[in-house]
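For reference, the structure discussed in these notes is given below.
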Amino acid sequence: MEAEATTGAGFWRPVAALTHRDFRLFWSGQCISLLGTWTQTVAQAWLVLELTGSSFLLGVVGAVQFAPIMALSWATGAVADRVAKRRLLFATQGTMMLVALLLGVLSATGAIRYWHILVLAAVLGTATAFDVPARQSYVIHLVGRRDLMNAIALNSSIFNGARFLGPALAGLVVARWGVTPCFFVNAASFVAVLAGLALVRAPGLPAVGIGRPGGATAFLRTVVGDAGGGLRYILETPSVRDLLLLLGGLSLVAMNFHILVPVFAREVIGGGPRAYGFLLSATGLGALLGAVSLAAVSHRGPRRPHLWASAAGLCLFQLCLWPVNRFVFAYLLLLGAGFCMISLAALVNTSLQLTAPDHLRGRVMAAYFLVFAGVAPLGSLFSGGLARLVGAPGAFGVGALCGLTVIGLVALLRGTGAPPGEQTRGE
């Protein structure tokens, strides 16, 4: 492993991963870039509505952006295992920067059309499909095994902090200057990421004995074979398979509750956009608090009771929303659901990375991203369909009951066991 020795003890324990020089550089760049990413996300949605006036066409953009993740994840993890991860991240982050810059230029010149946004959304989705397994599996090269969970928690904290602040910043910018500055701000934010990568020393090389075959055709054949090998590993390793089943099942039925919040705010709480905004921010604040608290206890490693409690809490907080019609109670319950959701995701992420051998980590992380984020569009359809049939409160309740059923079925498989971090924490 390429990381320097940890000094994460005492006062520095909650931020132990930041004692590693390479991770500090990488993390700092992500802090800036993620804020820009959320700014662009809001601006792009607003631009689509301005151009088309159609919520359906806005949904099409989201589907086009997620499609490459669904289609390519089986192969992108194999690529991440075969090449130097820092080099791959330069390519993916540079592509994302170019997409933001093109959106800004097209918007500024008035030449932007809906089909431009569709094409660029597909490019962005493709870059993301390659970026996430490389970025997730690169972290262990920056901090080593001991501080991996702390690094994942810190990454979650900046992601959710950006999710909490980015939309508000975008709203202010769009209201005053329009959508164009948001795209240029996002393009500029990638400079911090690329500069950090340039200064990082760890190249994130493939595991010993894993090399790149000569020629594009041979490389493609190897990637296809590696993808099959990764799938076999996942299916034949109960601790990995069952963690992915747990996360994937909950992603489908219990993690898309943000879809229900606007309907719940309007029809149950009786509030307008302000109530909706506050309730939605509660999930982001809860996720941020979950990530920060997880960082504080990360030195203990990913514990089995913590993982199961987070999974159950995610469902139980939503189940309690079923009879609620008071704003304060709804806010606190959504905050709790956000807290448990991010805790579960980070614990599963850490456990998978500590279990996977070095030469398979990229493929396992691609599978993690697929079941966590790639299933999101299907989960949104599930939640939206339930809300139409039984209303938003009923959808919270039914989704939670389905989630508890998923937890019970995975527990019956008895394959999850204690997350490997409990055994490897002292390595």
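No value in this document is a laboratory result; all are computed from the given coordinates. Everything numeric in this text was worked out from a predicted model, so none of it was measured. As a convention, Cβ positions derive from the backbone with ideal geometry for all residues, glycine included, and neighbour counts pool all protein chains shown.
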* **Relative contact order for the stretch 15-226, counting Cα pairs under 8 Å that sit 6 or more residues apart, in percent** => 45 percent
* Which values of log₁₀ I(q)/I(0), to two decimal places, follow from the Debye formula for the stretch 15-226 at q = 0.10, 0.16, 0.17 Å⁻¹ with a uniform point scatterer at every Cα? -> -0.47, -1.11, -1.20
* Asked: Across the chain, how large is the tail of the calculated P(r) beyond 26 Å, expressed as a percent of all Cα pairs?
  -> 55 percent
* Roughly speaking, what is the stretch gain from ALA195 to ALA207, that is 0.36 nm per residue apart minus the C-alpha to C-alpha distance, in nm to one decimal? -> 1.8 nm
* For the stretch 237-418, projected area of the alpha-carbon convex hull averaged over all directions, nm² -> 9.9 nm²
* **Within the stretch 160-208, trypsin sites (Lys or Arg not before Pro) in DSSP loop having at most 15 other beta-carbon neighbours inside 10 Å** => ARG201
* In what sequence do ILE140, ILE112, ILE234 fall when counting other Cβ within 10 Å, fewest first? -> ILE234, ILE112, ILE140
* **Cα-centred dipole magnitude for the chain, charges only on beta-carbon of K, R (+1) and D, E (-1), debye, nearest 20** => 240 debye
